[in-house]
Amino acid sequence: MGRRSTPKPPPDLRVEEVELADGVATVFSWPKNGGADASPLAPEALAALTPALRAIAELLARSLTDQQIAALRGTSRSVVTKQVDALFKALGVRSRRELRARWPTLR
């Protein structure tokens, strides 16, 4: 089996050590505004999207669910879910909220 590489932590991830009565805890957090201050998506990442993934991204950026997108596109929800996973990987986003905050037509 091949080794899996460890992904780099996202640049907006906040890490802090918190003193507790029985030790120290590491706390991970993101900005409370859902990443609205996040940088725009890289133009080369947007250019590399297939037309289908770009269409999915536009609909996700407008807060549609996988089921709603599937109905509009005439496909199954499971196909849309797989496309959403591929889209997030291609753009380097972790959530629909982050996608909305960074999508160029909604900034």
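The values are calculated or read from the model by the stated rules, or taken from the named source; none is laboratory data. Predicted model, so just to flag it, every value in this text is computed and none were measured. Here the Cβ is made from the backbone with ideal geometry for all residues, glycine too, and neighbour counts use every protein chain on show.
Points to keep in mind about this one:
- Residue match in the stretch 100-107 (condition: of a type outside the set (D, E, K, R), in a loop (DSSP other than H, G, I, E, B) and at pLDDT 85 or above): yes
- Among the conditions (1) surrounded by 10 or more Cβ atoms within 10 Å (Cβ to Cβ); (2) modelled with pLDDT of 90 or more; (3) under 19 Å from residue 99 (Cα atoms), residue 29 misses just one, which is (2).
- Those residues of the stretch 35-74 which are assigned to a loop (DSSP other than H, G, I, E, B), at negative phi and at pLDDT below 90, in sequence order: 36, 37, 38, 39, 40, 41, 42, 62
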